Amino acid sequence: MKTNYDLVVIGGGSAGLAAAISAYDHGIKDILLLEAEAHLGGILLQCIHNGFGLHEFKEQLTGPEYAERFANQLIERKIEYKTDTLVLEIKEDKTVIYSNKEDGLVEVKAQAIILATGCLERTRGAINTPGDRPSGVITAGLAQKYLNIDGYLVGKRVFILGSGDIGLIMARRMTLEGAKVLGVAEIMPYSNGLNRNIVQCLHDFNIPLYLSHTVTNIIGKDKLEKVVIAKVDENFNPIKGTEKEFQVDTLLLSVGLIPLNGLLDKVNVPTHPRTRGALVSQNLETMKEGIFSCGNVLHVHDLVDFVTKEGRKAGYGAATYLKGKMHKKGRRIITRNKSGVSYVVPYYIDVENILDNLVELNFRVTKPFEKTRLIVKLDDKEIKNIFKLHMLPSEMESVLIEKEILMNSNAKEITLEIKEG
Amino acid sequence: MYDILIIGGGVIGCFIARELAKYQAKIILLEKNNDVCSETSNANSAIIHSGYDPLPNTLKARLNVLSNPLFDQVCKDLDVSFIRNGSLTIALNEEEVETLYELKERAKVNGVEVEILDKEEVLKREPNLSDKVLKALYAPTCAIINPFELTIGLMENAMDNGVELALNSKVVAIAYKDNYFTVTCENNKTYQTKTIINAAGVYADEVAALINDTSFKIKARKGSYFVLDHFDNNFVKHTLFRVPTSKGKGVVITPTTHYNYLIGPSSDFIDAKDDTSTEKEVLDAVKERANSIIEKIPYNQVIRTFSGLRAVSNTDDFIIDYSIVNKQFINVAGIQSPGLAASCGIANMVRDLVLKLHPYEMNPKFNPKRRKMIKLSRMSLEERNNLIKENPTFGRIVCRCEKVSEGEIIDCIRRNAGANSVKGVKKRVRPGFGKCQGTFCQPHVVKILARELNIKEHEVVYDNLGSYLIKYQTKLGEKSED
Ligand SMILES: Cc1cc2nc3c(=O)[nH]c(=O)nc-3n(C[C@H](O)[C@H](O)[C@H](O)COP(=O)(O)OP(=O)(O)OC[C@H]3O[C@@H](n4cnc5c(N)ncnc54)[C@H](O)[C@@H]3O)c2cc1C
Ligand SMILES: Cc1cc2nc3c(=O)[nH]c(=O)nc-3n(C[C@H](O)[C@H](O)[C@H](O)COP(=O)(O)OP(=O)(O)OC[C@H]3O[C@@H](n4cnc5c(N)ncnc54)[C@H](O)[C@@H]3O)c2cc1C
C-alpha cells in the first residue's frame, strides 16, 4: 500500500474536489483525496434544489449535478481517492491517519495537506434551548439528509428555529412533501438567510417569519408535542406575555454552522475566535507551513461557487509550496475588521508570496446596511472607498486589492470598515 | 414462578440483580422504559464520593464509605470506565474555611481519609481555579465512573448469569395470595414471584403503595447541568465542590471518565416526577455559582444541558428494609446521592435481607466478568489492524466526534441487555455524545440498528417506544403508521 504522497486532501466536498483538481492542474500529480462518506460531493449531495453554479457555469444546477461535474473532473485526471474513509488524526510532521474497511488503520506521510472537512450544524445544546428533551428536535441539515438522501420525512407539523438558509430551504421542501410548516422564529431583527430564499421558500408558501423571536420552551416526554416561542428584547431576553404555542411534532434547528476543524487540534494551528477556522494567508496556508484550509472548514460559506473558488486557491497555494516556489516568509500585513465588519479572511497577507495580481479579501458585515461605503485602509492610509447599495450579514462580500499597492507599502495592517451615510 | 422479581432497572435494581445472580434463584427484573439506565442513573454527577459528607451513623454514610473501595474490582470485572481522580472541596471565605474543618472532623468519624490543603497547593493542583480560593479539603479516594457503562454492565452480567430482563414493563398492580405475589404490568403481562424488591427510584413510594405500604413518601429534587465537550484534558483534573453554607448551595465541576466536563447541579423540589426539563433561570444560577470557583469556564464548549431527579425520602436517608406490610417485599427507596457511590453496599445489604428470608445456595457457575468491551481507542495500531482484518466493520468509523466504529456499535447491540434504540447505542458506545450530537452519525446508527434488529429504518426509535425519528417514508410511496 502506498503510504507517501505529495499532497493529501481531506474531505471530498466542493472545496476538497476543487483543491485537488487545481493542485493537479498546477503540476502536482501525486495526490490522495480522502472522504468520510460513501460518495464524493459533500453536503451538496443533499441539496437537491437548483440554483448552484450561476457563477461557475452560468447555469442553474442542482447540488448533486454541481458536485458530479467536479467529481468527474477528479476521476478524469485519475486522482487517487478513497471514500468511506475517515481521517482520524493529523500529526505535526504531516502524517495523516485514516481508517476504512479495506486498508484498516493507515498512516500516510504527506508533504502538504489541504483540510477541506466542511462544517457541522449547531445543535440544541450549543444554543441551550430549555425544556424537555423528546425526539423530534432535529437540525435542519440532518432532516434534509433524511429526506433527500434516505427518503424519510421526519414529521408532518413543523416549526423552525433560525432563519438560516438550510432552514428556509427545508420549510419549502417539507411543505412540498405534505408537511405543514407553522412558522420560522429568528432571534435577530433580520433574517439570516439569503433574500431569495425568504421570498421563494416562505412568502410563496405563506409561512410566517417571526423576527426577534426565539423558542423558550420545548414540551413533550418521549415525542415532541409543543414548542413555545416569545418575542425578545434588545438583549435577546424573552419578553413575558408574548408567548405563542405551536402544536408540532418536529422542531427544525437552523441556528448556524461551525467549522469542523478538530483535526487541527494536534497540529497546534491557531484559529480565529470569530470564524473558528484556521488563521490563513491569502494562499490559504495556515500558520503551519504546508497545511492549507479551504471551504466551510475555514469559514462558513453560503454559496458553493465561492467554495469552489477558494478550493482552487488552496490547490494553487499547495502546488506552489510543493514545487518549492514559495519564498521564505517575510513581511505580513494583518487584516483587521473595524466597525460594521464582523471578520475578514484571510487573516494576513504574506507579502513575499502574492501569486496573483489581485488579492481577494472576503468579509461579512455585522448587520444589514443600505447605501454605505466600504473603506479599506493600509495602516492610516485610505486605499479604497467603495459605494455599497446593500450588504447583508448572510451574504459574503469581497474586495480586491492590487498586488502593487501591497508590495509598495510598509503598512502592518489592512483594515476594512463600513461608513454609513 | 420467580423467586425474586426486581422492579426498576436503575443502578440499584441492576446491582441487586447482579448480586443475587450469585445464588441459585430464578430472578427477573422489570423496567418500565425501553432500556435500563433510563432515569436517575442516567442523569447525575457520576461521582463515587469518598464519603466524608453524609452525616455519621446514617445509611448514606455507612454504605458510601463501605462501597467506595469495592468499585475498583467491580469496574475491572465489568469493564467500566473508572478513574480515582480525588476531590477538592473549595472554600472561598472564612465561613467556608470553618465548614471545611467541620467536614474534616466528620470525615474522621466516617472513617474517610482527607487533608486540608492551603491555597498555594490547591492552585498548583488546579491552576484554572479562581485565585480567591483560601483552602480546600482534599479527599484522595473520590472517583469518577461512567454510570451508563456500570448500570448496563451490571445488567448484562446478571443476564449472562441467568437473570431475565423485561423492558417496557411498568408495574401497575400487585396482588398477594398463598405466599406469592402476582405482579401485573401496564402491557397486561403478569408475573408470579415469591419475593419483590422495589428499586423504583423516584416512584418507589407509588410502587410500595401497590401493596398498601404507605410508610414513606418520595419527593423529586431536580438537578440540572451543563455538559462541556472534551476540549482540554487538563481543564480540571479533580472533582471540585464548592462548600455549601448557610448562605448558598454548593456546586460541582467535574471531569467525566471521557474528559467531558459536568457543571451543576441545581437543587429544586418539583411536583411532577417525570419532569426532567431544563430552565434558563436555573441554569443561569448554576453558571453563577460555578463561576465563583472557576472564572473562565468556556461556555462556548457546552454541547448539552440535562436534568436528573433525586429521590428524597421523608427520612432524608436511604430506606432499605422489609416492608411493614409484607416481609417478602423489600423496599430500596430514597436512594438519592450518594446512591451511585453506595450502590455496591446497597446491593450487599439487600442480598443479606433476601438470604435471611431464603438461604439460597450459591450459584457455582457464576462468572463475575462480562466479556470485555471492544474499544478501539485503547488498542495499538497493530491490534486494530488485526481486528479489522478479521472483521472489516471495525475499520469503518461511524462517529466522527467520538471515533466509534461500526463494529463497536454492532457489538453493543448484540450483547445481553443490548442497545435497541439510538439513545441505547449512545449510552453504550458514545456516538451522539460528541460535538455534533449525532447530526453526522445518526443516519448511520439508524441503518445499523435496523439491520441488526431486523426492522425497517423508520421503525427505529430514538429512545422509548413510539419515539420515532423518521416518521414517513417518501421514496417508495409507502407510508409508515401515523
Ligand atoms: C446543509 C447545507 C446546505 C447548503 N445549501 C446550499 C445551497 O442551497 N446553495 C448554495 O449555494 N450553498 C449551500 N450550502 C453552502 C455550500 O454548498 C457549502 O458550503 C459547500 O458545498 C461546502 O463545501 P465544503 O467542501 O467546504 O464542505 P462539505 O461539502 O461539507 O464537504 C466536506 C467533506 O469532508 C468530509 N469530511 C469531514 N471530515 C472528514 C474527515 N475527518 N475525514 C474524511 N473526510 C471528512 C465530509 O464527509 C464532507 O464530504 C449549504 C451548506 C450546508 C452545510
Ligand atoms: C442531580 C443528581 C446528581 C447526582 N449525583 C450523584 C453522584 O455524583 N454520586 C452518587 O453517588 N449519586 C448521585 N446521585 C444519586 C444517584 O444518581 C442515584 O442515587 C441513583 O442513580 C439511583 O438509582 P436508582 O436505581 O435507585 O434509580 P433510577 O435510576 O431512577 O432507577 C429506577 C428505575 O425504576 C423504574 N421504575 C419506576 N417505577 C416503575 C414501575 N412501576 N415499573 C417498572 N419500573 C419502574 C424507572 O423507570 C427507573 O428506571 C445524583 C442524583 C441526581 C438527581
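Can we say B:Val422 is within 10 Å of chain A (Cβ to nearest Cβ) and either within 23 Å of A:Asp150 (Cα to Cα) or open to solvent by 20 Å² or more (accessible area, probe 1.4 Å) (or both)? Yes: the conditions hold for B:Val422.
Every test in (1) modelled with pLDDT of 95 or more; (2) near ligand 1 (Cβ under 9 Å from one of its atoms) is passed by A:Leu120 save one, and that test is (1).
Number of residues in segment A:389-413 that are modelled with pLDDT of 95 or more and within 24 Å of the chain's Cα centre (by Cα) equals 5. Listed by position, the strands (runs of 3 or more DSSP E) inside segment B:93-162 whose residues that are modelled with pLDDT of 95 or more and open to solvent by less than 10 Å² (accessible area, probe 1.4 Å) number at least 2 are B:135-139, B:143-145. When you look at A:Phe306, is it over 30 Å from A:Leu153 (Cα atoms), away from ligand 2 (no atom under 16 Å from the Cβ), without any contact (Cβ under 8 Å) to a residue 60 or more places away in the chain and of a type outside the set (Asp, Glu), yes or no? So A:Phe306 fails the test. When A:His49, A:His39, A:His55 are checked against the criterion of being within 11 Å of ligand 1 (Cβ to nearest atom), open to solvent by 30 Å² or more (accessible area, probe 1.4 Å) and within 14 Å of chain B (Cβ to nearest Cβ), A:His39 stands alone in meeting it. Within segment B:389-402, the residues that satisfy the criterion of being within 32 Å of the chain's Cα centre (by Cα) and over 26 Å from B:Asp229 (Cβ atoms) are B:Asn391, B:Thr393. When segment A:257-278 is filtered for residues that are open to solvent by less than 60 Å² (accessible area, probe 1.4 Å), more than 10 Å from chain B (Cβ to nearest Cβ) and under 16 Å from the mean Cα position of the chain (by Cα), the ones remaining, listed by number, are A:Leu257, A:Pro259, A:Asn261, A:His272, A:Thr275, A:Gly277, A:Ala278.
Figure legend. Inter-residue proximity from segment B:11-39: first residues within 14 Å of chain A (Cβ to nearest Cβ) and open to solvent by 10 Å² or more (accessible area, probe 1.4 Å), second residues within 7 Å of ligand 2 (Cβ to nearest atom) and in a helix (DSSP H, G or I), beta-carbon distance below 6 Å, spacing 6+ or different chains. Indicated pairs: B:Glu39/B:Gly201. Name the residue that is farthest from ligand 2 (Cβ to nearest atom), counting only residues in segment B:199-219 that are among the charged types (D, E, K, R) and open to solvent by less than 20 Å² (accessible area, probe 1.4 Å). The extreme case among them is B:Asp213.
Within segment B:321-346, the set of residues being within 15 Å of the chain's Cα centre (by Cα), of a type in the set (A, V, I, L, M) and open to solvent by less than 10 Å² (accessible area, probe 1.4 Å) comprises B:Ala341, B:Ala342, B:Ile346. For segment B:281-326, the tally of residues that are in a helix (DSSP H, G or I) and among the basic types (Lys, Arg) stands at 2.
The set of residues from segment A:196-217 being out of contact with any helix residue (DSSP H, G or I) (no Cβ under 8 Å at 6 or more places or on another chain), surrounded by 15 or more Cβ atoms within 10 Å (Cβ to Cβ) and not hydroxyl-bearing (Ser, Thr, Tyr) comprises A:Leu211, A:His213, A:Val215, A:Asn217. When segment A:145-169 is filtered for residues that are open to solvent by less than 10 Å² (accessible area, probe 1.4 Å) and near ligand 1 (Cβ under 10 Å from one of its atoms), the ones remaining, listed by number, are A:Gly167, A:Leu168. What about B:Phe216, is it over 23 Å from the mean Cα position of the chain (by Cα) and either assigned to a strand (DSSP E or B) or at pLDDT below 95 (or both)? No; evaluated as a whole, the condition is false for this residue. The number of residues in segment B:433-449 that are open to solvent by 10 Å² or more (accessible area, probe 1.4 Å), over 24 Å from the mean Cα position of the chain (by Cα) and more than 8 Å from chain A (Cβ to nearest Cβ) comes to 2.
Among the residues of segment B:18-71, the ones that are more than 11 Å from ligand 2 (Cβ to nearest atom), of a type outside the set (D, E, K, R) and in the same structural domain as B:Thr190 (by TED's automatic domain parsing) come to 7 in all. Does B:Ile6 meet the test of being away from chain A (no Cβ under 14 Å), buried (at least 22 other Cβ atoms within 10 Å of the Cβ) and more than 11 Å from ligand 2 (Cβ to nearest atom)? Considered against the rule, which asks whether it is away from chain A (no Cβ under 14 Å), buried (at least 22 other Cβ atoms within 10 Å of the Cβ) and more than 11 Å from ligand 2 (Cβ to nearest atom), B:Ile6 comes out as no. Does A:Val297 count as under 30 Å from B:Glu402 (Cα atoms), modelled with pLDDT under 95 and either open to solvent by 10 Å² or more (accessible area, probe 1.4 Å) or within 16 Å of ligand 1 (Cβ to nearest atom) (or both)? No; evaluated as a whole, the condition is false for this residue.
Checking each residue in segment B:367-382 for being at pLDDT 95 or above and either surrounded by fewer than 16 Cβ atoms within 10 Å (Cβ to Cβ) or more than 25 Å from B:Met155 (Cβ to Cβ) (or both) picks out B:Asn367, B:Pro368, B:Lys369, B:Arg371, B:Lys372. Taking segment A:84-203 and the strands (runs of 3 or more DSSP E) fully enclosed by it, the elements with 2 or more residues that are away from chain B (no Cβ under 14 Å) and touching a His at 6+ places or on another chain (Cβ under 9 Å) are at A:180-186.
Within the span defined as segment B:221-242, one or more residues are in contact (Cβ under 8 Å) with a residue 60 or more places away in the chain, β-branched (Val, Ile, Thr), open to solvent by less than 10 Å² (accessible area, probe 1.4 Å) and in a loop (DSSP other than H, G, I, E, B).
Let's see how each residue does on (1) open to solvent by less than 40 Å² (accessible area, probe 1.4 Å); (2) over 28 Å from A:Val228 (Cα atoms):
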position: B:Pro265; (1), (2): yes, no
position: B:Asn291; (1), (2): no, yes
position: B:Ile294; (1), (2): yes, yes
position: B:Tyr299; (1), (2): no, no
position: B:Arg304; (1), (2): no, no
position: B:Ser307; (1), (2): yes, no
position: B:Asp317; (1), (2): yes, yes
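Among the residues of segment A:245-256, those that are over 19 Å from the mean Cα position of the chain (by Cα) and either surrounded by 24 or more Cβ atoms within 10 Å (Cβ to Cβ) or within 13 Å of chain B (Cβ to nearest Cβ) (or both) comprise A:Val248, A:Asp249, A:Thr250, A:Leu251, A:Leu252. Scan segment B:378-408 for residues that are facing another protein chain (nearest Cβ under 10 Å) and within 26 Å of B:Val446 (Cβ to Cβ) and the total you get is 18. Scan segment A:249-290 for residues that are basic (Lys, Arg) and within 17 Å of A:Lys329 (Cα to Cα) and jot them down. Answer for segment A:249-290, where residues must be basic (Lys, Arg) and within 17 Å of A:Lys329 (Cα to Cα): just A:Lys288.
The values are calculated or read from the model by the stated rules, or taken from the named source; none is laboratory data. Bear in mind that the values here come from a model prediction, so they are computed numbers and not experimental data. Using ideal geometry, Cβ is built from the backbone for each residue, glycine included, and neighbour counts are taken over all protein chains shown. All accessible areas refer to the heavy atoms of the entire protein, side chains included, with ligands and DNA or RNA removed. Shrake-Rupley method; radii C 1.70, N 1.55, O 1.52, S 1.80 Å.
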